[in-house]
Amino acid sequence: MTTLHLRVGFMPLVDCALVVLAKDEGFAEAEGLNLELVREVSWSNLRDKLNVRLFDAAHMLGPAAIAATLGIGGVKAPMAAPMALNRDGAAITLSLRRFEELSRLAEGDLSDTAVSARALAAMVARRSASGLPPLTFAAVFGFSTHTYLLGEWLEKAGLRLGEDIRFEVVPPPQTVEALASGRIDGFCAGAPWNSAAVAAGIGAMVHASVDLRRNCHDKVLAWRADDVQKRPAAVSKLGAAILKASAWACRPENVSRMAYHLSAPDRLALPAELIERILHGELLQGDDRPTRRIGQFIRFDREALRPDPDDADWVLAGMERAGQVVATPQMRDAAREVLLSASFGSILASIGDQPIV
């Protein structure tokens with residue numbers, strides 16, 4: 001069997017797990033692939049390298065693939081996602097100082113997103129009345145699930161991201177440092193960076209993404225759209241390897257080994273113990289609160305990997321809320337076509353009932 005070399009870019013997040021496992025547990029090799037994984041420093045770098053074919057495929061924000069396809073954000077690069085890589089797994093974290101202030105202003109249970117949003121509105125009003133600068137929140141990319149989750153949370157309080165609260169883009173590995181330095185007051189990002197901020201003693205988790213939206217669209221395996229048509233064997237082989245990695249990852253006895261792979265210096269470069277707790281849904285909250293346990297905090301199961309064109313509608317609604325686009329019917333059709341549910345079905349059929357060892 002001829003070995004096919006594929007170069008795949010990824011960002012250091014727990015949700016890159018299936019790409020890492022496809023390589024490190026030998027599922028890609030079994031499909032006849034020589035998989036080269038390249039850790040990137042920002043989502044824009046990753047998108048641009050996929051666009052110019054320095055990468056064959058990429059672990060990518062679903063909204064970023066849609067934005068590139070629509071030509072929003074200065075880059076026009078039609079992309080396609082024959083499969084997702086996870087659902088859920090993000091959280092909103094504030095600096096300890098801001099979280100303590102939020103707690104004092106909360107009228108009710110702070111775990112309720114409406115209660116926390118009203119407390120945030122009160123904080124924003126107090127700062128404005130006192131002549132203080134607005135709060136600054138960050139997400140990992142402008143076109144991201146995290147930006148749109150922040151927008152949904154703020155909307156509950158009648159606030160707008162970028163208007164009532166300043167908005168910055170901070171790549172995932174830089175969020176902890178940005179919070180520690182006071183550059184930002186809070187951020188929304190995927191695991192493990194919320195837990196890392198709490199473990200460092202500088203942040204407190206306010207909400208997990210599942211508090212705002214369960215089964216939330218997140219990362220996809222993105223290809224150039226024309227490559228999906230021109231290179232069906234490559235798409236199928238990598239998809240099959242990831243599906244096998246998904247089955248392996250969903251076995252409880254494999255969680256420790258999965259955390260070990262992700263902790264490597266060229267992957268996440270964080271303690272395996274921290275990553276393993278996240279995979280078990282045991283989240284550090286900070287501010288002397290107990291560990292929060294969330295069933296399926298991040299999903300890697302087979303159904304989570306099925307791309308759903310309906311998710312594109314939610315992404316476009318988030319883009320409109322953020323003032324990034326005024327969606328047209330043609331845009332909606334193009335966005336939905338990025339998420340290739342039919343291609344996923346073909347990949348699924350290709351592996352049949354092969355045992356996962």
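The values are calculated or read from the model by the stated rules, or taken from the named source; none is laboratory data. Please read these numbers as outputs of a predicted model, since none were measured by experiment. Cβ sites come from the backbone with ideal geometry, for glycine too, and all protein chains shown count toward neighbours. To get the accessible areas, we keep the full protein, side chains included, count just its heavy atoms, and leave off ligands, DNA and RNA. Shrake-Rupley method; radii C 1.70, N 1.55, O 1.52, S 1.80 Å.
Please state the relative contact order of region 90-212 as a whole percent: Cα pairs under 8 Å, 6+ residues apart? Show your work: numbers first, answer last.
Values: 211 pairs, mean separation 50.6, N = 123.
Worked out over region 90-212, it gives 41 percent.
Magnitude of the Cβ-charge dipole of the chain, K/R +1 and D/E -1, about the Cα centre, nearest 20 debye?
Numbers: 39 positive and 43 negative charges, 83 e Å.
So the dipole magnitude of the chain works out to roughly 400 debye.
For region 90-212, what is the charge dipole size about the Cα centre, in debye to the nearest 20, if Lys and Arg each add +1 at the Cβ and Asp and Glu each add -1 at the Cβ?
The dipole magnitude comes to about 280 debye.
Applying the Karplus relation 6.51 cos²θ - 1.76 cosθ + 1.60 with θ = phi - 60° to region 88-104 yields 3J(HN,Hα) values of 6, x, 9, 7, 10, 10, 10, 4, 4, 4, 6, 5, 4, 5, 4, 4, 5 Hz, where x marks Gly and Pro.
Over the chain, what is the relative contact order in whole percent, taking alpha-carbon pairs under 8 Å and six or more residues apart?
Relative contact order of the chain: 26 percent.
Between Pro232, Thr291, Tyr260, the Cα set farthest toward the positive side of the dipole of region 162-297 (charges on each charged residue's Cβ, about the Cα centre) is that of Pro232. Here the Karplus relation 6.51 cos²θ - 1.76 cosθ + 1.60, evaluated at θ = phi - 60°, turns the backbone of region 170-185 into coupling constants of 10, x, x, x, 9, 5, 5, 5, 5, 5, 5, 7, x, 5, 10, 9 Hz, with x for every Gly and Pro. The DSSP beta bridges internal to region 90-212 are antiparallel in roughly 55% of cases. Mind jotting down the distance between the C-alpha centroids of region 246-282 and region 174-191, whole Å? Between the Cα centres of region 174-191 and region 246-282 lies a distance of 23 Å. Taking amide H as placed 1.01 Å from N in the peptide plane, the amide H of Leu85 sits under 5 Å from that of Lys219, Val220, Leu221, each at least 5 places away or on another chain.
Here the extension length gained between Arg332 and Arg104 equals 77.8 nm, from 0.36 nm per residue of separation less the Cα-Cα distance. Can you tell me what share of the DSSP beta bridges in the chain is antiparallel? A percent to the nearest 5 is fine. DSSP beta bridges in the chain are roughly 55 percent antiparallel. Each of [x] 69, 46, 30; [y] 66, 42, 41; [z] 59, 47, 39 is a candidate for Cα extents along the principal axes in Å; the one calculated from this structure is [x]. Taken one residue at a time, the phi angles of region 213-227 give Karplus couplings (6.51, -1.76, 1.60, θ = phi - 60°) of 7, 7, 6, 6, 3, 9, 8, 10, 8, 9, 10, 4, 4, 5, 5 Hz. Gly and Pro are set to x. For the listed peptides 323-332, 238-247, a ranking on the average number of other beta carbons within 10 Å per residue, highest first, reads 238-247, 323-332. Candidates Gly182, Ala204, Gly162 compared by Cα position along the dipole of region 140-219: farthest toward the positive end lies Ala204, with charges placed on Cβ.
On the protein heavy atoms, probe 1.4 angstrom, tell me the percent of accessible surface of the chain carried by carbon and sulfur. Show your work: numbers first, answer last.
Details: 6760 of 13890 Å².
Roughly 49 percent, rounded to a whole number.
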